[in-house]
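Presented below is the structure to which this report refers.
The values are calculated or read from the model by the stated rules, or taken from the named source; none is laboratory data. Fair warning: this is a prediction, and the values are worked out from it, not measured in the lab. Counting neighbours? That spans all protein chains shown, and the Cβs are built from the backbone with ideal geometry, glycine included. For accessibility, only protein heavy atoms count, side chains too; no ligands or nucleic acids. Shrake-Rupley method; radii C 1.70, N 1.55, O 1.52, S 1.80 Å.
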Amino acid sequence: MGTAANLDAILGESLTIEDYYVTDPGDRPTVPHNAYDDASDTIPCLHLARIRASSGEDRKRMLEEVRDAVCEWGFFRVVAHGVDEKLVDDTVAWARGIFDMDLETKLKSLVDDSSGSLAGYHCGVVKQNKSWQESFHSWADPSDFKIAAEKLWPSSEEIKYVLEMHYKFSMAMEELALEILQLLEETLGVTSGDFTRHWERLKRTLVRFNWYPPCEEPGLVLGAGSHTDPDIITILLQDEVGGLQLLKDSKWIACKPLHGSFVVNVGDCLQVLSNDFLPSLQHRAVLNKEKARLSVVTFVLPKVNATIEPSSHLVDEDHPAAFRRLMFEEIINAAKEMKFKGKEVLSLFRV
Ligand SMILES: O=C(O)CCC(=O)C(=O)O
Ligand SMILES: [Fe+2]
């Protein structure tokens, strides 16, 4: 696989694979990427078409089930969501194309952390952050994506094609995210739009393509270390290889790829907004020796200066506010300080 060779090429110049070893034995991936046990089958799965079609008592019962599942897990799959299958396949195809490009081309769009823009290529090897990963990020906003696209694709036709695809895919993810957030508001009785109002569509929707090349030491190196997502909600599409794991009740559970589904997880902001009813679980990406893996992750982020606090609908005598009011930036800064090492960022903001 070309990309593994690419990583080796950079490794050859700067680091050796030992530099990637997860040094704390407690962080090492004890559950292999495809060790799906019964717990994997218990990750909740929402059938969106059925929920959409429900009404009256039937809907009430369904929403109660949804509420119980999401409040326990904060991590679920959605199926029958209606996102165009061809759009998903085409997106996966052009995204794979990015990582198949030669290293020189990818490095043209390498993101310098000090530049203030996220759009472009990121590489764990270049950043020396221990992630055995390449990634490509952009806000859903086409003007942001265009900056990176113009560095990667040589012809104006190709640029036009990827810009259009990226926009269509981002819109589909935004529609899905909005529907899920509104469903969560409905199930929890949050009638004032508190889960959705801090988000600004296009400008605060980040689409990130993660590429994990095969790794000769999957028991010692991680694709993405244990972390919680700092955002409101995340929608993840993974290919058939497998590698996403989540930590529930101190046990790592491998999330089995389910064709046609998306994985949805509650982010730190939504845990605060929901006054702890919805948990933001730690998760990570583990590697394997044979196959590269792709995930496409859409993050719904609040505006930079948003103040996040528990929704008044979820605070009462029995459930006092669990968190102080905070700025979104405080969560980001805390996560950076903890080096995204799986520590409980939100514990800093509890009252
Ligand atoms: O690739 C995966 O399965 C996980 C990626 C992830 O958690 C992230 O990008 O935040
Ligand atoms: Fe994540």
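The table below gives the values:
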quantity: Farthest toward positive dipole pole in the chain [+1 Lys/Arg, -1 Asp/Glu at C-beta], among Trp94, Leu202, Leu237; calculated: Leu202
quantity: 5 angstrom amide H check on Val221, placed H, neighbours 5+ away; calculated: Val22
quantity: Charge dipole (debye, nearest 20) of the chain; +1 at Cβ of Lys and Arg, -1 at Cβ of Asp and Glu; calculated: 260 debye
quantity: The range 3-348, relative contact order [Cα under 8 Å, separation at least 6], %; calculated: 22 percent
quantity: GluC sites (Glu not before Pro) within the range 280-346: DSSP coil, no more than 12 neighbouring Cβ in 10 Å; calculated: Glu290, Glu317
quantity: Computed FRET value (nearest 0.05) for Leu247 with Ala80, which takes r as the C-beta separation and R₀ as 25 Å; calculated: 0.35
quantity: Length-normalised contact order for the range 292-343 - Cα pairs under 8 Å, 6+ apart - percent; calculated: 36 percent
quantity: Positive dipole terminus of the chain, leading residue within Leu188, Ser55, Ala322 (C-beta point charges); calculated: Ala322
quantity: Tensor-based shape of the range 142-245 (alpha-carbon gyration tensor, a/c under 1.5 rounded, otherwise prolate or oblate); calculated: oblate
quantity: Highest-fluctuation residue, Leu163, Leu246, Leu206 considered, GNM on the chain with Cα pairs under 10 Å; calculated: Leu163
quantity: Cβ-placed point charges (K, R +1; D, E -1), dipole of the range 162-222 about Cα centre in debye, nearest 20; calculated: 260 debye
quantity: Length gained when the stretch Arg201-Thr30 is fully extended (0.36 nm per residue, less Cα-Cα span); calculated: 57.7 nm
quantity: Approximate spin-label separation Thr42-Lys336, in nm, with each point projected 7 Å along Cα-to-Cβ; calculated: 3.9 nm
quantity: Extension reserve of the Ser155-Asp102 stretch, reckoned as 0.36 nm per residue once the Cα distance is removed; calculated: 17.5 nm
quantity: The range 3-348 - share of DSSP beta bridges that are antiparallel (%, nearest 5); calculated: 90 percent
quantity: Degrees between helix 2-13 axis and first principal axis of the chain (Cα, 0 to 90, nearest 10); calculated: 70 degrees
quantity: Accessible area (Å², per residue) of the range 3-348, counting only protein heavy atoms and a probe of 1.4 Å; calculated: 44 Å²
quantity: Amide hydrogen neighbours beyond the local backbone of Val264, cut-off 5 Å, H modeled; calculated: Phe76, Arg77, Val78, Leu236
quantity: Ser312/Leu178 FRET efficiency (R0 22 Å; Cβ-Cβ; nearest 0.05); calculated: 0.55
quantity: Among Pro257, Pro302, Pro32: highest mean-square fluctuation, GNM of the chain, C-alpha pairs under 10 Å; calculated: Pro32
